[in-house]
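I'd like to ask some things about the structure below.
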Amino acid sequence: MIIEYWSDFACPFCYIAETRMKKALRELDISDECRLDFKAFELNQDAPKVPKRNIVEGFSHHYGMTMEQAQAQVDRICAMGKEEGLEFNYATARGSNTFDALRLTKLAQSKGRELGDAFVERMYKAYFTENRILADRETLLSIAEEMGLDRKESEDLLDGDMYSKEVRRDEQEAYYLGISAVPFFVINKKYEIPGAVETSQMKKVLMKAYSEEETEELQPGMTCGPDGCGPAGKD
């Protein structure tokens, strides 16, 4: 069973949803029979490489909230992550451009599924747990080297446009499918899971997809799109 999912490393619900999906696969004992394919979806192509605000300040600015309201909203998202067993330090993260991180992920994926999957996890942890800046060149090179990628090849990628087309191709595929917010899962090109729905809901869809039965339409979970985060599906 092939599970494609569109995601961005800056999206908290993407990390939460991926964790829930893996949990659902384990609980159904079908992890070895499924392939989870990460696809790039850059949420904000205009995001700066040098962060201007932390996440709480960003929420306040973007949504017109007071700092207290923004902190409460971010705290709720952090609680969601921690409920999944993640060390989720979203409140102290600083958002930046993720295009180079997504390109570097494509390089890792080209080296094999095991490395590609591990690299995706490492990027999530770097941002949400360690609060590293995913647009910072030395940060990316350090992570790439740590994960076993050749430093010179990684430097060449960051200095050029390698894998830019592949990232944009993933996004074009998403737009073609009507996807405008992430996370978004597509199972066997047929069954859809929009957003960070509960693990129990994921299991229902997975079981039906696994047996090729018709599945009921899910109410969308939490997602992030170009205009911000909240409940959303396609459009």
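Just name the residue that is surrounded by the most Cβ atoms within 10 Å (Cβ to Cβ) out of those in the range 19-50 that are touching a residue at least 60 places away in the same chain (Cβ under 8 Å) and small (Gly, Ala, Ser).
40
Among 117, 100, 161, which is more than 14 Å from the chain's Cα centre (by Cα), assigned to a helix (DSSP H, G or I) and either within 25 Å of residue 225 (Cα to Cα) or at pLDDT 95 or above (or both)? Break it down into steps so the answer makes sense when it comes.
On the way: 117 fails: more than 14 Å from the chain's Cα centre (by Cα); 161 fails: assigned to a helix (DSSP H, G or I).
Criteria check complete, one pass: 100.
Then there's this: Residue 67 fails exactly one of the following numbered conditions: (1) surrounded by fewer than 16 Cβ atoms within 10 Å (Cβ to Cβ); (2) touching a Ser or Thr at 6+ places or on another chain (Cβ under 9 Å); (3) closer than 23 Å to residue 114 by Cβ. What is the number of that condition?
Among (1) surrounded by fewer than 16 Cβ atoms within 10 Å (Cβ to Cβ); (2) touching a Ser or Thr at 6+ places or on another chain (Cβ under 9 Å); (3) closer than 23 Å to residue 114 by Cβ, the lone unmet condition for residue 67 is (3).
Of all residues in the range 172-185 being of a type outside the set (Phe, Trp, Tyr) and surrounded by fewer than 21 Cβ atoms within 10 Å (Cβ to Cβ), which is farthest from residue 20 (Cα to Cα)? Give the derivation first.
Residues of the range 172-185 of a type outside the set (Phe, Trp, Tyr): 172-174, 177-183.
The next check asks that each one be surrounded by fewer than 21 Cβ atoms within 10 Å (Cβ to Cβ); those that pass are 172-173, 177-178, 180.
Details: 172: 26, 173: 24, 177: 23, 178: 23, 180: 21 Å.
For the range 172-185, the residue satisfying everything is 172.
Looking for whichever is surrounded by fewer than 18 Cβ atoms within 10 Å (Cβ to Cβ) and hydrophobic (A, V, I, L, M, F, W, C) here; the options are 86, 104, 115. Which one fits? Spell out the reasoning first.
Numbers: 86 fails: surrounded by fewer than 18 Cβ atoms within 10 Å (Cβ to Cβ); 104 fails: surrounded by fewer than 18 Cβ atoms within 10 Å (Cβ to Cβ).
It is 115.
I would also like to ask the following. Name the residue, out of 153, 146, 171, 138, that is under 15 Å from the mean Cα position of the chain (by Cα) and of a type in the set (D, E, K, R).
Values: 153 fails: under 15 Å from the mean Cα position of the chain (by Cα); 146 fails: under 15 Å from the mean Cα position of the chain (by Cα); 138 fails: under 15 Å from the mean Cα position of the chain (by Cα).
Selected residue: 171, the only one of 153, 146, 171, 138 that is under 15 Å from the mean Cα position of the chain (by Cα) and of a type in the set (D, E, K, R).
Among the residues of the range 4-18, are any over 16 Å from residue 97 (Cβ atoms), over 10 Å from the mean Cα position of the chain (by Cα) and free of Cβ contacts under 8 Å to residues at least 60 places away in the same chain?
Checked against the condition, which is being over 16 Å from residue 97 (Cβ atoms), over 10 Å from the mean Cα position of the chain (by Cα) and free of Cβ contacts under 8 Å to residues at least 60 places away in the same chain, the range 4-18 yields no hits at all.
The values are calculated or read from the model by the stated rules, or taken from the named source; none is laboratory data. All figures in this text were calculated on a predicted structure; none of them were measured in a lab. Glycine gets a Cβ as well: all are built from the backbone with ideal geometry, and neighbour counts include every protein chain shown.
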